[in-house]
Amino acid sequence: MSSNSGKNLEDAPPKVGDTLVKLRQADGLSLDALSKRAGVSKSMLSQIERNQANPTVAVVWRLANALGVPISLLVDGNQPVPASIETLPSHATPSLRSRDGHCVLRILGPIELAGQFEWYELSLEPGGCLDSEAHEPASREHLTVLSGMLEVQSGSNVTKIKVGETARYAADRPHYIKNVGKNAATALLVVIHNGGQ
């Protein structure tokens with residue numbers, strides 16, 4: 001009569017409990033919140049996390065979807081749990097300098113959105129001017145002044161904007177942003193290409 005005492009540990013079902021706990025805590029979810037999101041009972045989740053129950057593939061699939069991770073991450077506990085918040089250090093934020101050397105654009109948006117939706121931190125020395133050619137048809141810019149006073153021109157339209165104000169304007173024509181104050185100015189600049197299409 002055969003015995004299972006010599007069975008390899010590798011043949012045992014994977015224990016997803018430890019990984020599930022890490023993923024749930026990384027997302028800041030309680031057992032109750034994950035239970036509601038995944039449609040899995042709270043008692044079942046508790047048993048899975050304590051490795052007292054082996055979930056079915058359907059349950060693992062629901063949990064993976066609820067946590068926004070691939071199912072393989074739950075099954076293979078050796079994979080590192082992704083950070084729930086990705087932080088980019090200041091020195092790793094790329095920047096561009098204007099032609100006149102008096103304006104700096106810190107690129108805050110991810111590279112994969114370039115050409116669709118972009119946002120920047122704009123710093124301008126007194127008299128500095130960020131002069132731009134026309135972007136694609138229907139493109140728009142949204143400029144919010146954080147300090148100083150800026151002048152914006154879009155086509156033949158010109159206006160000044162102060163701290164706390166936001167200018168929204170067509171960027172599918174030549175346009176510029178100029179520091180007309182006596183002090184350095186900063187602003188947030190959002191560029192939506194092709195009307196966000």
Item checked: Extension reserve of the residue 36-residue 151 stretch, reckoned as 0.36 nm per residue once the Cα distance is removed -> 36.3 nm
Item checked: Value in Å of the Kirkwood radius, where region 95-190 supplies the Cα pairs that are averaged -> 13.2
Next item on the list: Given the options 33, 114, 185, state which has the largest fluctuation in a GNM of the chain using a 10 Å cut-off (strictly under) for Cα springs.
Entry: 33
Next item on the list: Calculate, axis by axis, the spread of Cα positions in the chain along the three principal axes, and write the results as whole Å, longest axis first.
Entry: 92, 30, 27
Note to self: Straight-line reach from residue 15: which aspartates and glutamates fall under 14 Å, measuring Cα to Cα and dropping same-chain residues less than 8 apart?
What the structure shows: 49, 76
Next item on the list: Report the relative contact order of the chain, percent, no decimals, based on alpha-carbon pairs under 8 angstrom and at least 6 residues apart.
Entry: 18
Next item on the list: Would you mind checking the tilt of helix 17-26 against the longest principal axis of the Cα atoms of the chain, expressed as 0 to 90 degrees and rounded to 10?
Entry: 20
Notebook entry, point to check: Once label points are set 7 Å from the Cα along Cα→Cβ at both residue 61 and residue 183, what is their separation, rounded to one decimal in nm?
Noted result: 6.0
Item checked: Simple label model, 7 Å out from Cα along Cβ direction - residue 96 to residue 133, nm -> 1.2
Note to self: Please give me the summed charge of the neighbours of residue 88: other residues whose Cβ is under 14 Å from its Cβ, Lys and Arg +1, Asp and Glu -1.
What the structure shows: -2
Next item on the list: Of the DSSP beta bridges with both residues in the chain, give the percent that are antiparallel, rounding to the nearest 5.
Entry: 100
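Laboratory data are not the source of any read-out in this text; all were calculated from the coordinates shown. Computed from a predicted model, the values in this text were never measured in an experiment. All Cβ positions, glycine included, derive from the backbone under ideal geometry; neighbour counts span all protein chains shown.
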